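Written below as structure tokens is the structure these notes are about.
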Amino acid sequence: MERVNTEIIKSFEQLVKTSVKSIVLVPHMNPDGDAMGSVLGLWRVLKNAGFKVQVVSPTKYPEFYHWMDGHDEVIIFSHHPKQSARALAESDLLICMDFNQLSRLGDMKPLVESYEGKKILIDHHPYPGNFTDLTISDITYSSTAELIFSVLQSTELAQYIDRDAATSFFTGIMTDTGSFDFSVSNPNTFEVVAQLTRMGIDQQFIHSKVYDNYSADRMRLMGFCLSNRMVVYPEFHTACMYITLEDQKTFNFKTGDNEGFVNMPLSINGIIFSVLFTEKEKYIKASFRSKGDFAVNEVSEKYFNGGGHRNAAGGELYASLADTMALLESILPEFDERIKRSIK
Ligand code: 5GP
Ligand code: MN
């Protein structure tokens, strides 16, 4: 809690208090559990405190988050651009959550860039861009949800954190830590979870809603990819999975169906670097995961127009799937030493 500077927390509280119109909360495009958990948790708290507040997401998000409190009031920019623009125009404070660069907003970037009210960033990624009036950014938090909860605890808004908000924050922490498997190096995460538990959250219910909510098609796609779309490079302690557009058609692919795939090869003995390439209409979406010190955000920044955290990063490449695989194979030797150093 002490990690975020008291002055910054005061400024945050002040900016919120001075909002008289409404507050808009914006996650990154293709929002994950942490992005949605953070905006919906804060949405509930601000609503309870009597503010007018609206979540505007750049794109839709996976159906296994469509049970969260307030999910049915989210405006999706890619589906309703005019309604989104109106929501921003009618507000006087915009809070960006769980991303560090405007490019993470996709087509919604110009709308936020030209926003005339005050802007706040709340995030836990390295190298935050300077695009808001106030930046609350700290990479030592497991998730944006943990960070915003800790910030709120130090403000008068703390009294408005109810069970629904706690449930959303827990969803963010649980998903960004892979159910407390990775990126939890700080005891604060468990202290926050203890507080959320005291607020009456049902952890089993939340876990089951997120992880036991897949379609049969998604399960079959996973089996198919593990059998037919995984290449292992034992000499580089690396595994790469890929999903073609054709595969997506075969298995009735829906947003989020590939979530978690990239983590699976890390349970192969000796594998510490895992890659997933998902073919899109115009580009390849890349996901990277690692164990130990090997920094996959460096790989993503240098070769895949992306970024992220040390052990979880992503990017996009405007190339064919074959060229993308070839690129990966060509760069593995460059990272060989760093990968080997990371093996414990
Ligand atoms: P995922 O593999 O789950 O899509 O993304 C993992 C992490 O990588 C995200 O939390 C985010 O920090 C980062 N990330 C994913 N895609 C991109 C991207 O296109 N650009 C940047 N800068 N970061 C990304
Ligand atoms: Mn996050």
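The values are calculated or read from the model by the stated rules, or taken from the named source; none is laboratory data. Fair warning: this is a prediction, and the values are worked out from it, not measured in the lab. Here Cβ is always computed from backbone atoms with ideal geometry, including for glycine, and neighbour counts include all displayed protein chains. Side chains included, ligands, DNA and RNA excluded: accessible areas come from the protein's heavy atoms. Shrake-Rupley method; radii C 1.70, N 1.55, O 1.52, S 1.80 Å.
Once the Kirkwood radius over Cα pairs is known for region 33-154, the Stokes-Einstein relation at 20 °C and 1.002 mPa s delivers a diffusion coefficient of 145 µm²/s. Computed from Cα atoms, the angle from the helix 187-198 axis to the main principal axis of the chain rounds to 60 degrees. Solvent-free Debye calculation, one equal scatterer per alpha-carbon of region 198-318: log10 I(q)/I(0) at 0.11, 0.15 Å⁻¹ equals -0.41, -0.74. Beyond 21 Å in Cα-Cα separation lie the following of the pairs Lys10/Lys119; Lys52/Lys119; Lys119/Lys302: Lys119/Lys302.
In percent, how large is the relative contact order of region 6-211, given Cα pairs closer than 8 Å and 6 or more residues apart?
Working: 384 pairs, mean separation 49.7, N = 206.
The normalised contact order for region 6-211 reaches 24 percent.
What the Cβ-Cβ distance of Leu321 and Thr255 gives, at R0 = 22 Å and to the nearest 0.05, is a FRET efficiency of 0.70. Points 7 angstrom from Cα along the Cβ direction at Asn269 and Ser208: gap in nanometres? Placing both labels 7 Å along Cα→Cβ, they lie 3.5 nm apart.
Of the accessible area of region 6-211, with the probe set at 1.4 angstrom, what percent is carbon plus sulfur? It would help to have the intermediate numbers written out before the result.
On the way: 4070 of 8500 Å².
Carbon plus sulfur share of accessible area: 48 percent.
The trypsin sites (Lys or Arg not before Pro) of region 1-96 meeting both criteria, a DSSP state outside H, G, I, E and B (loop) and at most 12 other C-beta atoms within 10 angstrom of the site's C-beta, are Arg3.
Measuring nothing but how far apart in sequence close Cα pairs (under 8 Å, 6+ apart) lie, relative to its length, region 216-341 scores a relative contact order of 20 percent.
Per residue, what accessible area does region 17-63 have, given a 1.4 Å probe and all protein chains present, in Å²? Don't skip to the end; give the middle numbers.
On the way: 1440 Å² over 47 residues.
Per-residue value: 31 Å².
Calculation over all alpha carbon pairs of region 6-211 in 10 angstrom steps from 0 returns a P(r) of 9, 40, 39, 12, 0 percent. Tilt of helix 321-341 relative to the longest C-alpha principal axis of the chain, in degrees (0 to 90, nearest 10)? So the inclination is approximately 90 degrees. Taking the Cα centre of region 220-344 as origin and assigning +1 to Lys and Arg Cβ atoms and -1 to Asp and Glu Cβ atoms, the resulting dipole is close to 380 debye. Extension gain for the segment Glu329 to Lys52, taken as residue separation times 0.36 nm less the Cα-Cα distance, is 94.6 nm to one decimal.
Rounded if a/c is under 1.5, else prolate if a/b is larger than b/c, else oblate: which is the chain, with a ≥ b ≥ c the root eigenvalues of its Cα gyration tensor? Don't skip to the answer; put the middle values down first.
Values: a/c = 1.68, a/b = 1.55, b/c = 1.08.
It comes out prolate by the Cα gyration axes.
Using the 1.4 Å probe convention, the accessible area of region 216-341 works out to 47 Å² per residue with neighbouring protein chains retained. Counting 0.36 nm for each residue step from Glu7 to Asp336 and taking away their Cα separation leaves a gain of 114.1 nm.
Just the number, please: carbon plus sulfur as a percent of the accessible area of region 216-341, 1.4 Å probe, no ligands or DNA/RNA counted.
Carbon and sulfur atoms account for 50 percent of the accessible area of region 216-341.
How far is helix 6-17 tilted off the main Cα axis of the chain, in degrees rounded to 10, range 0 to 90? Once rounded, the angle reads 70 degrees. Checking every one of the chymotrypsin sites (Phe, Trp or Tyr not before Pro) in region 116-209 against DSSP loop status and a limit of 12 other Cβ atoms within 10 Å picks out no site at all.
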